[in-house]
């Protein structure tokens, strides 16, 4: 029947998880993905963390290609090196034309080819744009890298928008100059020049970046979760991160406090550690009172594998 032929399109929600390294972002993101998929939502979880601990969490090899992990649950791990190569190939000028461009006094532009700090984040963000355009999933979850990396990643719409605009102007200028000297230098056919220079691709990317900025600042579509542990350094870093996220109009919805020690009266060390954590928890409630605070206790075993991740999801959201 016709309804079986027409592919269902969805209006996805986006869930980001970030925090200081070692606080359990990946475990929480994986548990969230399983919880949503168990509720009948079609879920895609994406790792942009070079460490790729998502495979370890699910105890299944994921890799750079889309992989079905369970009913309604799909995953992919973005390879930063591969993404960067694809990105550079897509939008950088052909290498044989660089000397000619440098002759036009544009040497600084080519620092972007490989020397600019953060080009790997630009490449990862380009992948994020590709997945964000998808209408195949109800929920798209991003298991992001540690906080510093994440903040640069989320600031890229502003950075890349400005940079792309500069590249478009330069490439258009180059196309005009190339037409003037075509009789002297073998640049190919005039009709092919715009295509080979990729100005259309850059214009399209700029539109997608604009759409991304709107989505990332829309609290109805984007849900940002700050994961922390009840320790001073994690609390302070989370506080600083939230200030920067606020500057970029990124709507933070929840603070998730992980690795809370359960009550155990027979263990003196556990009792003292728990007492310290409860004091930190009071501080967290005070500092982050305008956010919803979720808690996840420390398990006996590592939080990995379907069974334990499901338990963690129920404790967080159940």
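The values are calculated or read from the model by the stated rules, or taken from the named source; none is laboratory data. Note that the structure is predicted; figures quoted are calculated from it, not measured. Note that each Cβ is placed from the backbone with ideal geometry, even for glycine, and that neighbours are counted across all protein chains shown.
Numbers below:
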read-out: Cβ pairs under 6 Å, 6+ apart, first in the stretch 54-65 and at positive phi and touching a residue at least 40 places away in the same chain (Cβ under 8 Å), second part of a helix (DSSP H, G or I) and surrounded by fewer than 17 Cβ atoms within 10 Å (Cβ to Cβ); value: none
read-out: All positions within the stretch 212-241 that are without any contact (Cβ under 8 Å) to a residue 40 or more places away in the chain and either in contact with a helix residue (DSSP H, G or I) (Cβ under 9 Å, 6 or more places away or on another chain) or under 19 Å from residue 144 (Cβ atoms) (or both); value: 217, 218, 219, 240
read-out: Residue 315 within 23 Å of residue 138 (Cα to Cα), in contact with a helix residue (DSSP H, G or I) (Cβ under 9 Å, 6 or more places away or on another chain) and either touching a residue at least 12 places away in the same chain (Cβ under 8 Å) or outside any loop (DSSP other than H, G, I, E, B) (or both); value: yes
read-out: Some residue of the stretch 244-257 being at positive phi and either more than 18 Å from the chain's Cα centre (by Cα) or not in a helix (DSSP H, G or I) (or both); value: yes
read-out: Complete set of residues in the stretch 255-275 that are under 25 Å from residue 225 (Cα atoms) and exposed (fewer than 13 other Cβ atoms within 10 Å of the Cβ); value: 262
read-out: Residue within the stretch 202-219 that is closer than 21 Å to residue 312 by Cβ and either surrounded by fewer than 16 Cβ atoms within 10 Å (Cβ to Cβ) or under 16 Å from the mean Cα position of the chain (by Cα) (or both) present; value: no
read-out: Evaluation of residue 10 against (1) part of a helix (DSSP H, G or I); (2) in contact (Cβ under 8 Å) with a residue 24 or more places away in the chain (one fails), failing number; value: (1)
read-out: Tally, over the stretch 276-286, of residues that are over 26 Å from the mean Cα position of the chain (by Cα) and surrounded by 15 or more Cβ atoms within 10 Å (Cβ to Cβ); value: 3
read-out: Residue match in the stretch 221-241 (condition: modelled with pLDDT under 85 and surrounded by 18 or more Cβ atoms within 10 Å (Cβ to Cβ)); value: no
read-out: Unique match (being at pLDDT 95 or above and assigned to a helix (DSSP H, G or I)) among 285, 271; value: 285
read-out: Within the stretch 208-243, considering residues that are in contact with a strand residue (DSSP E or B) (Cβ under 9 Å, 6 or more places away or on another chain) and in a helix (DSSP H, G or I), the one farthest from residue 296 (Cα to Cα); value: 215
read-out: Scan of the stretch 288-311 for residues that are part of a helix (DSSP H, G or I) and either out of contact with any helix residue (DSSP H, G or I) (no Cβ under 9 Å at 6 or more places or on another chain) or touching a residue at least 12 places away in the same chain (Cβ under 8 Å) (or both), ordered by number; value: 306, 307, 309, 310, 311
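Yes/no per residue for (1) at pLDDT 95 or above; (2) out of contact with any strand residue (DSSP E or B) (no Cβ under 8 Å at 6 or more places or on another chain); (3) over 16 Å from residue 310 (Cβ atoms):
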residue	(1), (2), (3)
12	no, no, yes
19	no, no, yes
28	yes, no, no
50	no, yes, yes
